[in-house]
Amino acid sequence: MVEWYYLVLISSMLNGLATLVEKNALKREYATAFSATVAPFVALISLIFLPLANFSISIWQLAVIVAWSAVNAYSYLLAARAFRHSEISASSAAFSSLPTLIVVILAFLLLSEQLSTVQYIGIAGMIFATYMLFFRAPKRTDGKQDFESPKYKYLVLFAVVVSGVASVFNKYAISGVNPYAFFILSSIFMALFFAIFISIRYKGLREVAQTANSYRLPITLASVLTSGYRLAYYLALVMVPVALAQPLGNTFYVIITVAIGGLIFKEGGIMRKLAISVFLIFFAYLLTL
């Protein structure tokens, strides 16, 4: 059996590469159309693992998977919109570690879990680093901005909150469920939710077909990479708590998206954002102690 930390690292690297492909495509395509097109392709890829799946689950477990799929689909869409309207080196730094902060705060508020002094330091450090990343960015000499407009700063922060909720829900939803069955079912339900949403708000499946035809390579790459990182993470999550898996996965994700992504897309302030990202990861680690 593959050790859980190898699975987390594989998931992290694939997630980082998927984000780069997504960011490149979103320079030309709308976030909703792109997300709604990737979702059914991921669902099709998930069917490859049918021979490994065990669908012996209760109605309650199925209902939880459906609910989690809805939350995760919404989280994925918000993230796509955030990446489209912001520099990847800024938004991905927030997505790499701030969901851990949300997890701890939710546990404190809803489950009455007690926090240690070290965890309070971690929370304070993450709040300060987030403030420096979003609201104290120095003026750019190239005239560009990290976010197209101030509202997208708050979009990223809201997306982080939803992502944190999805992270907590993920561990609960996959509990007692075969990870391959979970991957298949959640992928199918996410594709259905996106199909319903784009049919209500936009041109429906016709727009999905147009996007798939216009962006064949990025859609294919994003679908394969997304399938890979999700399955690897689910396999790791049945072995260890999310509090262990998430901080480790953040490390490689930050390197790929902030450092490499920032250079690829010629974004400014890379060293500053990378330094803040390192601080965020460090303080996120303190929250798990």
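The values are calculated or read from the model by the stated rules, or taken from the named source; none is laboratory data. Worth saying up front: this structure is predicted, and the values here are computed from it rather than measured. Because the Cβ atoms are built from the backbone with ideal geometry, glycine has one as well, and the counts that use them run over all protein chains shown.
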- With respect to residue 219, is the statement that it is in contact (Cβ under 8 Å) with a residue 12 or more places away in the chain and under 23 Å from residue 98 (Cα atoms) true? no
- Task: Please report, ordered by residue number, the helices (runs of 4 or more DSSP H) entirely within the stretch 202-289 with at least 2 residues that are over 18 Å from the mean Cα position of the chain (by Cα) and among the hydrophobic types (A, V, I, L, M, F, W, C).
- Result: 205-214, 261-264, 270-287
- Is it fair to say residue 121 is surrounded by fewer than 21 Cβ atoms within 10 Å (Cβ to Cβ), at pLDDT below 85, in a helix (DSSP H, G or I) and out of contact with any Asp or Glu (no Cβ under 8 Å at 6 or more places or on another chain)? no
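Would you pick out the residues in the stretch 15-37 that are polar (S, T, N, Q) and in contact with a Lys or Arg (Cβ under 8 Å, 6 or more places away or on another chain)? Walk me through it before giving the result.
Step one: of the stretch 15-37, the residues polar (S, T, N, Q) are 15, 19, 24, 32, 35, 37.
Listed by number, the list holds a single entry, 32.
Quick one: which of 86, 35 is touching a residue at least 12 places away in the same chain (Cβ under 8 Å), closer than 26 Å to residue 181 by Cβ and not aromatic (Phe, Trp, Tyr)?
On the way: 86 fails: closer than 26 Å to residue 181 by Cβ.
Being touching a residue at least 12 places away in the same chain (Cβ under 8 Å), closer than 26 Å to residue 181 by Cβ and not aromatic (Phe, Trp, Tyr) holds for just one of 86, 35, which is 35.
In the stretch 144-183, what residues are of a type in the set (D, E, K, R) and assigned to a helix (DSSP H, G or I)?
Within the stretch 144-183, the subset of a type in the set (D, E, K, R) is 144, 146, 148, 151, 153, 171.
151, 153, 171 - these are the residues of the stretch 144-183 that are of a type in the set (D, E, K, R) and assigned to a helix (DSSP H, G or I).
Quick check: anything in the stretch 86-98 charged (D, E, K, R), part of a helix (DSSP H, G or I) and within 18 Å of the chain's Cα centre (by Cα)? Please lay out each step first, then the result.
Step one: filter the stretch 86-98 for residues charged (D, E, K, R), giving 87.
Filter again for part of a helix (DSSP H, G or I), leaving none.
The answer is no, given that none of the residues of the stretch 86-98 is charged (D, E, K, R), part of a helix (DSSP H, G or I) and within 18 Å of the chain's Cα centre (by Cα).
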- Query: Out of all the residues in the stretch 58-66, is one or more of a type in the set (S, T, N, Q) and surrounded by fewer than 20 Cβ atoms within 10 Å (Cβ to Cβ)?
  - Reply: yes
- Query: So which residues in the stretch 6-20 are within 15 Å of residue 237 (Cβ to Cβ), touching a helix residue (DSSP H, G or I) at 6+ places or on another chain (Cβ under 6 Å) and among the hydroxyl-bearing types (Ser, Thr, Tyr), if there are any at all?
  - Reply: 11, 12
